[in-house]
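Trainee: Pasting a structure below so you can have a look.
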Amino acid sequence: MMIKLTLDNIRTLNMTADILFKNQAKMQTKILKINPKKPQISKIKQAAKIIKSGNLVAFPTETVYGLGANALDSKSVKKIFIAKGRPSDNPLIIHISDIADLEILVDYIPNTAHELIDKFWPGPLTLVLKKSKLVPKITTGGINTVAIRMPENKIAQALIRESGVPIAAPSANISGRPSPTTSEHVSNDLDGKISMILDGGKTNIGIESTVIDLSRKTPLLLRPGGVTLEQLQYIIGKITIHPILQERKTKLISRSPGMKYRHYSPNAKIILIDGPNDKVQDKILRLLSQFKKQGKKVGIMTTVNTRYKSDMTVFLGNNLDVMAANLFKTFREFDAKKIDVILVQGISRKGLGLGIMNRVEKAAYKKIKI
Ligand code: AMP
Ligand code: MG
(Lines give C-alpha, C1' and ligand atoms only; values in the text may rest on other atoms or scores of the structure.)
(Ligands and ions follow the chains in the order given, each with its own letter.)
Protein backbone atom coordinates (compact mmCIF):
# COMPACT_ATOMS: atom_id res chain seq x y z
CA MET A 1 0.00 0.00 0.00
CA MET A 2 1.27 3.47 -0.84
CA ILE A 3 0.82 6.14 1.79
CA LYS A 4 0.90 9.68 0.46
CA LEU A 5 2.51 11.78 3.09
CA THR A 6 0.34 14.80 3.71
CA LEU A 7 0.94 16.98 6.75
CA ASP A 8 -1.98 15.19 8.43
CA ASN A 9 -0.34 11.84 7.81
CA ILE A 10 2.91 13.15 9.21
CA ARG A 11 1.06 14.27 12.34
CA THR A 12 -0.57 10.83 12.65
CA LEU A 13 2.82 9.15 12.29
CA ASN A 14 4.25 11.44 14.92
CA MET A 15 1.32 10.69 17.20
CA THR A 16 1.94 6.96 16.68
CA ALA A 17 5.58 7.53 17.56
CA ASP A 18 4.49 9.51 20.63
CA ILE A 19 2.21 6.72 21.79
CA LEU A 20 5.02 4.19 21.34
CA PHE A 21 7.27 6.44 23.37
CA LYS A 22 4.71 7.00 26.10
CA ASN A 23 4.63 3.25 26.59
CA GLN A 24 8.36 3.36 27.19
CA ALA A 25 9.80 5.60 29.89
CA LYS A 26 10.51 9.09 28.49
CA MET A 27 14.18 9.27 27.83
CA GLN A 28 16.52 11.91 29.16
CA THR A 29 18.32 13.38 26.14
CA LYS A 30 21.87 14.33 27.06
CA ILE A 31 23.23 17.35 25.18
CA LEU A 32 27.01 17.36 25.00
CA LYS A 33 28.86 20.41 23.67
CA ILE A 34 31.84 19.31 21.63
CA ASN A 35 34.63 21.13 19.85
CA PRO A 36 34.05 20.87 16.05
CA LYS A 37 37.71 21.55 15.23
CA LYS A 38 39.19 19.16 17.82
CA PRO A 39 36.44 16.82 19.08
CA GLN A 40 37.26 15.71 22.64
CA ILE A 41 37.80 11.95 22.52
CA SER A 42 36.16 11.38 25.94
CA LYS A 43 32.93 12.87 24.58
CA ILE A 44 33.15 10.90 21.34
CA LYS A 45 33.60 7.75 23.44
CA GLN A 46 30.42 8.47 25.41
CA ALA A 47 28.47 8.89 22.17
CA ALA A 48 30.04 5.80 20.56
CA LYS A 49 29.06 3.74 23.61
CA ILE A 50 25.43 4.67 22.97
CA ILE A 51 25.66 3.69 19.30
CA LYS A 52 27.33 0.39 20.25
CA SER A 53 24.57 -0.34 22.76
CA GLY A 54 21.95 0.02 20.00
CA ASN A 55 20.65 3.52 20.77
CA LEU A 56 20.45 6.88 18.98
CA VAL A 57 22.86 9.84 18.89
CA ALA A 58 22.29 13.05 16.90
CA PHE A 59 25.51 14.56 15.58
CA PRO A 60 26.58 17.36 13.25
CA THR A 61 27.79 16.73 9.72
CA GLU A 62 28.89 19.42 7.25
CA THR A 63 25.39 19.34 5.68
CA VAL A 64 22.78 19.08 8.49
CA TYR A 65 22.55 17.24 11.84
CA GLY A 66 22.08 13.47 11.46
CA LEU A 67 20.28 11.00 13.71
CA GLY A 68 22.64 8.05 13.96
CA ALA A 69 22.32 4.35 14.76
CA ASN A 70 24.31 1.21 13.96
CA ALA A 71 23.43 0.73 10.27
CA LEU A 72 23.97 -3.04 10.41
CA ASP A 73 21.63 -3.71 13.31
CA SER A 74 17.91 -3.81 12.44
CA LYS A 75 16.72 -3.12 16.00
CA SER A 76 18.85 0.03 16.27
CA VAL A 77 17.77 1.29 12.84
CA LYS A 78 14.11 0.74 13.70
CA LYS A 79 14.51 3.24 16.54
CA ILE A 80 15.41 5.94 13.98
CA PHE A 81 12.15 5.38 12.08
CA ILE A 82 10.14 5.51 15.33
CA ALA A 83 11.85 8.61 16.77
CA LYS A 84 11.41 10.56 13.52
CA GLY A 85 7.97 9.20 12.61
CA ARG A 86 9.59 8.30 9.28
CA PRO A 87 7.75 6.09 6.77
CA SER A 88 9.47 2.69 6.69
CA ASP A 89 9.97 2.73 2.91
CA ASN A 90 12.07 5.91 3.02
CA PRO A 91 15.68 4.64 2.91
CA LEU A 92 18.52 5.91 5.11
CA ILE A 93 22.00 7.04 4.14
CA ILE A 94 24.85 5.05 5.67
CA HIS A 95 27.79 7.14 6.87
CA ILE A 96 31.30 5.67 6.82
CA SER A 97 34.72 6.95 7.86
CA ASP A 98 36.88 4.55 5.90
CA ILE A 99 36.78 3.53 2.25
CA ALA A 100 37.22 -0.11 3.33
CA ASP A 101 33.67 0.04 4.73
CA LEU A 102 32.31 0.84 1.30
CA GLU A 103 33.59 -2.46 -0.02
CA ILE A 104 31.73 -4.52 2.57
CA LEU A 105 28.45 -2.60 2.18
CA VAL A 106 28.10 -2.87 -1.59
CA ASP A 107 28.16 -5.59 -4.20
CA TYR A 108 30.08 -3.80 -6.88
CA ILE A 109 31.88 -0.45 -7.23
CA PRO A 110 31.68 0.98 -10.77
CA ASN A 111 34.37 3.27 -12.21
CA THR A 112 32.11 6.30 -11.93
CA ALA A 113 32.00 5.72 -8.16
CA HIS A 114 35.80 5.63 -7.92
CA GLU A 115 36.05 8.88 -9.91
CA LEU A 116 33.51 10.69 -7.75
CA ILE A 117 34.98 9.35 -4.50
CA ASP A 118 38.47 10.56 -5.50
CA LYS A 119 37.11 14.03 -6.08
CA PHE A 120 34.35 14.54 -3.51
CA TRP A 121 34.88 12.27 -0.48
CA PRO A 122 34.88 13.08 2.31
CA GLY A 123 32.09 15.54 1.55
CA PRO A 124 28.40 16.17 0.77
CA LEU A 125 27.96 13.47 -1.88
CA THR A 126 25.94 10.26 -1.39
CA LEU A 127 26.35 7.32 -3.78
CA VAL A 128 23.60 4.78 -4.37
CA LEU A 129 24.98 1.34 -5.26
CA LYS A 130 23.81 -2.30 -5.21
CA LYS A 131 23.80 -3.37 -1.57
CA SER A 132 25.67 -6.34 -0.10
CA LYS A 133 24.01 -8.97 2.10
CA LEU A 134 25.44 -7.33 5.19
CA VAL A 135 23.05 -4.36 4.96
CA PRO A 136 19.66 -5.05 6.54
CA LYS A 137 16.61 -4.29 4.41
CA ILE A 138 15.19 -1.94 7.05
CA THR A 139 18.17 0.41 6.46
CA THR A 140 17.43 0.64 2.73
CA GLY A 141 13.65 0.91 3.08
CA GLY A 142 13.26 -2.58 1.61
CA ILE A 143 15.15 -2.05 -1.68
CA ASN A 144 18.32 -3.70 -3.02
CA THR A 145 20.41 -0.56 -3.35
CA VAL A 146 22.15 1.31 -0.53
CA ALA A 147 23.05 4.99 -0.16
CA ILE A 148 26.51 5.71 1.28
CA ARG A 149 28.46 8.82 2.11
CA MET A 150 31.69 9.74 3.88
CA PRO A 151 31.16 12.98 5.80
CA GLU A 152 33.93 15.52 6.22
CA ASN A 153 32.86 16.86 9.62
CA LYS A 154 35.43 15.85 12.25
CA ILE A 155 32.85 15.00 14.91
CA ALA A 156 30.97 12.74 12.50
CA GLN A 157 34.17 11.02 11.38
CA ALA A 158 35.39 10.46 14.94
CA LEU A 159 32.01 9.09 16.03
CA ILE A 160 31.88 6.57 13.18
CA ARG A 161 35.48 5.50 13.78
CA GLU A 162 35.02 5.10 17.53
CA SER A 163 31.69 3.26 17.16
CA GLY A 164 33.40 0.71 14.91
CA VAL A 165 30.29 0.35 12.72
CA PRO A 166 28.82 2.24 9.76
CA ILE A 167 26.19 4.70 11.00
CA ALA A 168 22.79 5.08 9.35
CA ALA A 169 21.73 8.69 9.74
CA PRO A 170 18.85 10.60 8.21
CA SER A 171 18.43 14.25 9.15
CA ALA A 172 17.73 14.61 12.88
CA ASN A 173 14.27 16.15 12.62
CA ILE A 174 10.70 14.94 12.93
CA SER A 175 9.77 13.57 9.50
CA GLY A 176 8.54 16.27 7.14
CA ARG A 177 9.97 19.18 9.15
CA PRO A 178 12.91 21.38 8.05
CA SER A 179 16.26 19.66 8.56
CA PRO A 180 18.20 20.79 11.65
CA THR A 181 21.29 22.94 11.26
CA THR A 182 21.86 23.52 15.01
CA SER A 183 21.57 21.30 18.07
CA GLU A 184 18.65 23.50 19.28
CA HIS A 185 16.69 22.50 16.16
CA VAL A 186 17.38 18.84 16.98
CA SER A 187 16.29 19.18 20.59
CA ASN A 188 13.13 21.09 19.57
CA ASP A 189 12.10 18.05 17.51
CA LEU A 190 13.58 15.06 19.33
CA ASP A 191 14.11 15.91 23.00
CA GLY A 192 13.08 12.93 25.14
CA LYS A 193 13.14 10.56 22.17
CA ILE A 194 16.86 10.00 21.67
CA SER A 195 19.80 9.33 24.01
CA MET A 196 22.23 12.07 23.07
CA ILE A 197 22.87 15.17 20.95
CA LEU A 198 26.47 16.09 20.18
CA ASP A 199 26.34 19.87 19.90
CA GLY A 200 29.09 20.95 17.51
CA GLY A 201 27.54 24.32 16.59
CA LYS A 202 25.96 25.38 13.31
CA THR A 203 26.47 23.14 10.25
CA ASN A 204 28.34 24.70 7.32
CA ILE A 205 26.45 23.80 4.16
CA GLY A 206 22.92 23.82 5.55
CA ILE A 207 21.21 21.61 2.94
CA GLU A 208 21.59 17.85 2.62
CA SER A 209 24.06 15.90 0.50
CA THR A 210 23.66 15.38 -3.22
CA VAL A 211 22.36 11.85 -3.94
CA ILE A 212 23.37 10.12 -7.20
CA ASP A 213 22.35 6.60 -8.21
CA LEU A 214 25.27 4.74 -9.81
CA SER A 215 23.61 1.32 -9.77
CA ARG A 216 22.23 1.85 -13.29
CA LYS A 217 23.76 2.33 -16.75
CA THR A 218 23.53 6.12 -16.80
CA PRO A 219 24.02 7.85 -13.43
CA LEU A 220 20.77 9.31 -12.10
CA LEU A 221 20.62 12.43 -9.96
CA LEU A 222 18.11 11.76 -7.17
CA ARG A 223 18.67 14.79 -4.96
CA PRO A 224 20.66 17.96 -5.69
CA GLY A 225 22.70 19.19 -2.73
CA GLY A 226 26.09 20.28 -1.47
CA VAL A 227 27.97 19.02 -4.55
CA THR A 228 26.48 20.62 -7.66
CA LEU A 229 25.22 18.86 -10.80
CA GLU A 230 27.75 20.83 -12.85
CA GLN A 231 30.61 19.56 -10.66
CA LEU A 232 29.41 15.98 -11.11
CA GLN A 233 29.00 16.34 -14.89
CA TYR A 234 32.51 17.71 -15.14
CA ILE A 235 33.88 14.49 -13.62
CA ILE A 236 31.64 11.71 -15.03
CA GLY A 237 29.87 13.30 -18.03
CA LYS A 238 26.28 12.32 -18.79
CA ILE A 239 23.87 12.28 -15.86
CA THR A 240 20.11 11.80 -16.07
CA ILE A 241 18.15 14.13 -13.84
CA HIS A 242 15.31 12.35 -12.08
CA PRO A 243 12.05 13.49 -13.73
CA ILE A 244 10.55 14.34 -10.32
CA LEU A 245 13.23 17.03 -9.90
CA GLN A 246 11.93 18.58 -13.10
CA GLU A 247 8.35 18.22 -11.87
CA ARG A 248 7.56 15.58 -14.48
CA LYS A 249 5.35 12.55 -13.86
CA THR A 250 7.36 9.30 -13.74
CA LYS A 251 7.41 5.60 -13.00
CA LEU A 252 11.02 5.92 -11.85
CA ILE A 253 9.82 6.73 -8.32
CA SER A 254 10.46 3.16 -7.18
CA ARG A 255 14.20 3.82 -7.51
CA SER A 256 14.10 6.26 -4.62
CA PRO A 257 10.94 5.91 -2.58
CA GLY A 258 11.85 8.80 -0.29
CA MET A 259 11.32 11.22 -3.16
CA LYS A 260 7.55 10.91 -3.10
CA TYR A 261 7.26 12.41 0.36
CA ARG A 262 6.78 16.03 1.25
CA HIS A 263 9.80 17.35 3.10
CA TYR A 264 11.40 20.24 4.87
CA SER A 265 8.13 22.01 5.68
CA PRO A 266 7.67 24.69 8.28
CA ASN A 267 4.16 24.94 9.79
CA ALA A 268 3.52 28.00 7.65
CA LYS A 269 2.31 27.44 4.10
CA ILE A 270 4.98 28.24 1.53
CA ILE A 271 4.01 29.82 -1.79
CA LEU A 272 6.88 29.79 -4.28
CA ILE A 273 6.80 32.45 -6.99
CA ASP A 274 9.07 32.14 -10.03
CA GLY A 275 9.56 34.72 -12.76
CA PRO A 276 11.27 38.01 -13.62
CA ASN A 277 12.10 40.18 -10.57
CA ASP A 278 9.63 43.01 -11.25
CA LYS A 279 6.70 40.67 -11.94
CA VAL A 280 7.45 38.57 -8.88
CA GLN A 281 7.59 41.71 -6.74
CA ASP A 282 4.16 42.80 -8.05
CA LYS A 283 2.74 39.36 -7.33
CA ILE A 284 4.21 39.35 -3.81
CA LEU A 285 2.62 42.76 -3.14
CA ARG A 286 -0.77 41.57 -4.35
CA LEU A 287 -0.66 38.32 -2.38
CA LEU A 288 0.58 40.17 0.69
CA SER A 289 -2.38 42.53 0.72
CA GLN A 290 -4.80 39.68 -0.03
CA PHE A 291 -3.54 37.55 2.91
CA LYS A 292 -3.36 40.55 5.27
CA LYS A 293 -7.03 41.26 4.51
CA GLN A 294 -7.77 37.68 5.60
CA GLY A 295 -6.00 38.42 8.89
CA LYS A 296 -3.04 36.14 8.13
CA LYS A 297 0.53 36.67 9.34
CA VAL A 298 2.68 36.87 6.22
CA GLY A 299 6.40 36.22 5.83
CA ILE A 300 8.48 36.98 2.74
CA MET A 301 11.79 35.55 1.48
CA THR A 302 13.17 37.66 -1.35
CA THR A 303 16.37 38.29 -3.30
CA VAL A 304 15.39 41.91 -3.95
CA ASN A 305 16.04 44.22 -1.02
CA THR A 306 12.58 45.78 -0.94
CA ARG A 307 10.69 46.94 2.14
CA TYR A 308 7.43 45.05 2.32
CA LYS A 309 4.80 45.66 4.99
CA SER A 310 4.92 42.00 6.00
CA ASP A 311 5.17 40.44 9.47
CA MET A 312 8.70 39.22 8.73
CA THR A 313 10.83 39.75 5.61
CA VAL A 314 14.05 37.86 5.07
CA PHE A 315 16.41 39.23 2.44
CA LEU A 316 18.13 36.23 0.86
CA GLY A 317 21.03 38.16 -0.66
CA ASN A 318 22.79 36.72 -3.69
CA ASN A 319 25.41 34.45 -2.17
CA LEU A 320 24.21 30.88 -2.69
CA ASP A 321 26.40 29.43 0.07
CA VAL A 322 24.90 31.82 2.62
CA MET A 323 21.39 31.19 1.29
CA ALA A 324 21.77 27.41 1.67
CA ALA A 325 23.32 27.76 5.12
CA ASN A 326 20.37 29.82 6.38
CA LEU A 327 17.43 28.25 4.54
CA PHE A 328 16.15 25.72 7.11
CA LYS A 329 16.98 28.01 10.03
CA THR A 330 14.86 30.73 8.40
CA PHE A 331 11.94 28.30 7.93
CA ARG A 332 12.07 27.54 11.66
CA GLU A 333 12.26 31.25 12.53
CA PHE A 334 9.06 31.88 10.57
CA ASP A 335 7.41 29.18 12.67
CA ALA A 336 8.68 30.74 15.90
CA LYS A 337 6.93 33.98 14.83
CA LYS A 338 3.73 32.05 14.09
CA ILE A 339 3.70 33.13 10.44
CA ASP A 340 0.80 31.61 8.44
CA VAL A 341 2.02 32.09 4.87
CA ILE A 342 5.54 32.51 3.48
CA LEU A 343 5.92 34.05 0.02
CA VAL A 344 9.21 32.88 -1.47
CA GLN A 345 10.84 34.39 -4.55
CA GLY A 346 12.34 31.66 -6.76
CA ILE A 347 16.00 31.84 -7.81
CA SER A 348 17.98 30.41 -10.74
CA ARG A 349 18.48 26.62 -10.56
CA LYS A 350 22.18 26.89 -11.41
CA GLY A 351 24.93 25.54 -9.13
CA LEU A 352 23.82 25.32 -5.50
CA GLY A 353 20.60 27.09 -6.62
CA LEU A 354 19.26 23.71 -7.86
CA GLY A 355 19.55 22.20 -4.36
CA ILE A 356 18.13 25.27 -2.64
CA MET A 357 15.12 25.45 -4.94
CA ASN A 358 14.55 21.69 -4.65
CA ARG A 359 14.13 22.13 -0.87
CA VAL A 360 11.76 25.09 -1.30
CA GLU A 361 9.73 23.22 -3.97
CA LYS A 362 9.36 20.13 -1.78
CA ALA A 363 8.29 22.28 1.15
CA ALA A 364 5.91 24.40 -0.94
CA TYR A 365 2.17 24.20 -0.67
CA LYS A 366 1.71 26.09 -3.93
CA LYS A 367 3.95 27.08 -6.85
CA ILE A 368 3.26 30.01 -9.17
CA LYS A 369 5.13 30.57 -12.45
CA ILE A 370 4.78 33.98 -14.09
P1 AMP B 1 17.55 11.96 4.52
O2 AMP B 1 18.61 11.12 5.10
O3 AMP B 1 16.36 12.16 5.36
O4 AMP B 1 18.13 13.24 4.05
O5 AMP B 1 17.02 11.15 3.25
C6 AMP B 1 17.85 10.32 2.50
C7 AMP B 1 17.36 10.28 1.08
O8 AMP B 1 18.34 9.57 0.31
C9 AMP B 1 16.08 9.50 0.90
O10 AMP B 1 14.93 10.27 1.04
C11 AMP B 1 16.21 8.95 -0.51
O12 AMP B 1 15.68 9.86 -1.45
C13 AMP B 1 17.72 8.85 -0.72
N14 AMP B 1 18.12 7.45 -0.63
C15 AMP B 1 18.61 6.80 0.44
N16 AMP B 1 18.85 5.52 0.16
C17 AMP B 1 18.52 5.33 -1.13
C18 AMP B 1 18.53 4.21 -2.02
N19 AMP B 1 18.95 3.02 -1.64
N20 AMP B 1 18.10 4.40 -3.27
C21 AMP B 1 17.68 5.60 -3.68
N22 AMP B 1 17.63 6.70 -2.89
C23 AMP B 1 18.05 6.58 -1.63
MG1 MG C 1 15.62 14.35 5.92
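Trainee: Skipping prolines and chain starts, which residues have an amide H placed within reach, meaning under 5 Å, of the one on Gly176, given they are 5 or more residues away or on another chain?
Mentor: The answer is Tyr264.
Trainee: Now for a different question. Taking every DSSP beta bridge that has both residues in the chain, what percent is antiparallel when rounded to the nearest 5?
Mentor: About 35 percent, rounded to the nearest 5.
Trainee: Using the crude model of +1 on Lys and Arg Cβ and -1 on Asp and Glu Cβ, and no other charge, please compute the dipole size for the chain relative to its Cα centre, in debye to 20.
Mentor: 1040
Trainee: Check which residues have an amide H placed less than 5 Å from Gly68's amide H, if you skip close sequence neighbours.
Mentor: Here the answer is Val57, Ala58, Phe59, since their amide H atoms fall under 5 Å of that of Gly68.
Trainee: Also: Over the chain, what is the mean sequence separation of C-alpha contacts under 8 Å (at least six apart), divided by residue count, expressed as relative contact order in percent?
Mentor: So the answer I get is 19 percent.
Trainee: Another question, then. Using the Kirkwood radius over C-alpha pairs as Rh, can you work out the diffusion coefficient of the chain via Stokes-Einstein at 4 °C, viscosity 1.567 mPa s, in µm² per second?
Mentor: Translational D for this selection: 62 µm²/s.
Trainee: Could you give me the ³J(HN,Hα) list for the range 39-52, computed from phi with Karplus coefficients 6.51, -1.76, 1.60 and θ = phi - 60°, whole Hz, x at Gly and Pro?
Mentor: Those phi angles translate into x, 5, 4, 5, 6, 4, 5, 4, 5, 4, 4, 5, 4, 5 Hz.
Trainee: Show me, for the range 301-307, the HN-Hα J-couplings you get by feeding each phi into the Karplus relation (A = 6.51, B = -1.76, C = 1.60, θ = phi - 60°), rounded to Hz, glycine and proline as x.
Mentor: 10, 9, 8, 9, 6, 10, 8
Trainee: Apply the a/c threshold of 1.5 to the C-alpha gyration tensor of the range 44-131 and tell me whether it is rounded, prolate or oblate.
Mentor: Note, shape of the range 44-131 comes out prolate.
Trainee: Same structure, new question: In what sequence, highest mean first, do 186-194, 359-367, 52-60 appear when ranked by Cβ atoms within 10 angstrom?
Mentor: Listed from highest to lowest mean packing, they are 52-60, 186-194, 359-367.
Trainee: Determine the alpha carbon to alpha carbon distance for each of Lys26/Lys338; Lys52/Lys202; Lys33/Lys329; Lys283/Lys338; Lys75/Lys366; Lys130/Lys202 and list only those over 30 Å.
Mentor: Lys75/Lys366; Lys130/Lys202
Trainee: Hey, what number do you get for the chain at 222 nm if only DSSP H runs of n ≥ 4 count, each worth -39500 (n - 2.57), divided across all residues, to the nearest 500?
Mentor: Mean residue ellipticity at 222 nm (helix-derived): -11000 deg cm²/dmol.
Trainee: Right, another one. Measure off, as a whole percent, the carbon and sulfur share of the 1.4 Å-probe accessible area of the chain, all protein chains present.
Mentor: 52
Trainee: Can you give me the long-range amide H partners of Val106? Hydrogens built in the peptide plane at 1.01 Å from N, cutoff under 5 Å, separation of 5 or more residues or another chain.
Mentor: Ser132
Trainee: To continue, here is another question. Only residues of the range 337-370 count here: report those whose backbone N is under 19 Å from the spot 7 Å along Cα→Cβ of Lys296, or say none.
Mentor: Zone members listed by number: 337-346, 360-370.
Trainee: Hey, can you find the accessible area per residue of the chain for me, probe 1.4 Å, expressed in square angstrom?
Mentor: Dividing the accessible area of the chain by its residue count gives 46 Å².
Trainee: Using the Karplus equation 6.51 cos²θ - 1.76 cosθ + 1.60 (θ = phi - 60°), what ³J(HN,Hα) coupling, rounded to whole Hz, does each residue of the range 105-120 give in order, writing x for Gly and Pro?
Mentor: 8, 10, 7, 7, 10, x, 4, 4, 5, 4, 5, 6, 4, 3, 8, 10
The values are calculated or read from the model by the stated rules, or taken from the named source; none is laboratory data. All values derive from a computational prediction rather than experimental measurement. As a convention, Cβ positions derive from the backbone with ideal geometry for all residues, glycine included, and neighbour counts pool all protein chains shown. For the accessible areas, the whole protein counts, side chains as well, though only heavy atoms, and no ligand, DNA or RNA atoms are used. Shrake-Rupley method; radii C 1.70, N 1.55, O 1.52, S 1.80 Å.
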